[in-house]
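Peer 1: This structure is in structure tokens; I'll ask about it shortly.
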Amino acid sequence: MPAHSGSKTTARADTQPVSGSTLSEMTSFGGNGANRPATGVSWNEAARFVNYLNVTSGSVAAYKFTTQPGDGSYDANASITLWAPGDAGYDITNPFRNSNAQYFLPSENEWYKAAYYSSSGTYSIYPTGSNTFPTAVASGTVGGTAVYNQAFATGPADITNAGGLSLYGTMGQGGNALEWMESEVDGVNDSPDSARWLRGGSWSNLEDSLRSSDRLNNVPTLENLVVGFRVASVPEPTSLVLTMLAGSVMFARRKR
């Protein structure tokens with residue numbers, strides 16, 4: 001499951017309410033800069049944004065919601081329902097995600113491998129390809145650095161300056177903003193309201209939060225100041241497609 005391009009900590013949510021996640025719904029940290037990661041976004045809101053990317057690019061929704069913007073009972077933070085046998089794209093191994101979708105939230109395994117896997121077949125402790133903790137910086141792209149241990153009031157760095165890359169070329173998987181995993185805590189993905197994993201640490205966390213052994217979990221309705229999300233895709237979009245995704249500054253990697 002190779003990773004590609006200088007990946008970012010999160011996708012920036014669209015400014016239109018159709019995506020289910022707007023700038024006004026984000027924290028000031030996530031909404032005060034064109035290239036800052038979107039924070040204060042719940043798992044459910046992140047999933048709606050991923051659906052928006054899919055539908056507006058001609059793909060199918062990754063996640064199944066029973067209500068949509070404009071419906072009388074619409075709630076952007078309502079939980080998904082499961083894809084069922086008979087639904088096009090149903091995957092018995094992962095009822096959360098439609099297998100025909102181009103964009104999706106990475107599973108914990110996909111995220112973990114992009115962050116910590118090396119070409120030698122081993123896993124590093126930190127997402128900089130090293131077992132030595134990275135140098136803490138407020139921003140930049142120098143190898144062996146990450147955005148962490150910063151004053152909370154500074155907020156995250158721009159996603160193009162969120163520290164050194166992993167060995168697979170992803171940026172910001174250590175520090176800058178905590179990231180939602182698609183995966184349910186028990187890994188079965190059969191309970192839409194159950195807790196999801198969070199990984200990566202934020203700009204204000206200490207170095208332990210960047211370690212491969214560290215992870216948190218919370219319910220999919222959580223909206224927290226330091227929590228954002230990462231968008232993955234298969235197949236990898238072209239540079240032209242990425243350029244056309246105005247308002248969703250994101251990079252992608254391939255699915256395993």
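Readers should treat all values here as calculations from the given coordinates under stated rules, not as data from a laboratory. Computed from a prediction, not measured in an experiment: that's the story for all the values here. Note that we place each Cβ from the backbone using ideal geometry, even for glycine, and neighbour counts take in every protein chain shown.
Peer 1: Which value in nm describes the separation of the simple spin-label points at residue 34 and residue 190, placed 7 Å from the Cα toward the beta carbon?
Peer 2: My value for the distance between the label points is 4.8 nm.
Peer 1: Highest first, please rank the peptides 196-202, 56-62 by the mean number of other Cβ atoms sitting within 10 Å of their residues.
Peer 2: 196-202, 56-62
Peer 1: Turning to a different aspect of this structure: Amide H to amide H under 5 Å from residue 41: which residues, 5+ apart in sequence or cross-chain, H placed 1.01 Å off N in plane?
Peer 2: Close amide H contacts, sequence-distant or interchain: 224, 227.
Peer 1: Okay, moving on. 5 Å is the cut-off here: which amide hydrogens, built 1.01 Å from N in the peptide plane, fall below it relative to residue 162, excluding neighbours closer than 5 in sequence?
Peer 2: Amide H neighbours of residue 162: 140.
Peer 1: In the stretch 173-214, with Lys and Arg counted as +1 and Asp and Glu as -1 at Cβ, which of these residues, 200, 212, 176, has the Cα nearest the positive end of the dipole, that is, farthest along it?
Peer 2: Looking along the dipole axis, the top candidate is 176.
Peer 1: How long is the gain from residue 55 to residue 74 if the chain were fully straight, where each residue apart is worth 0.36 nm and the alpha carbon distance is subtracted?
Peer 2: Contour length minus the Cα-Cα distance gives 5.0 nm.
Peer 1: How would you order 69-75, 96-102, 128-134 from highest to lowest mean count of nearby Cβ atoms within 10 Å?
Peer 2: Output ranking for 69-75, 96-102, 128-134: 96-102, 128-134, 69-75.
Peer 1: Which distance in Å, rounded to a whole number, links the C-alpha centroids of the stretch 82-147 and the stretch 34-50?
Peer 2: Comparing the Cα centres of the stretch 82-147 and the stretch 34-50, I get a distance of 16 Å.
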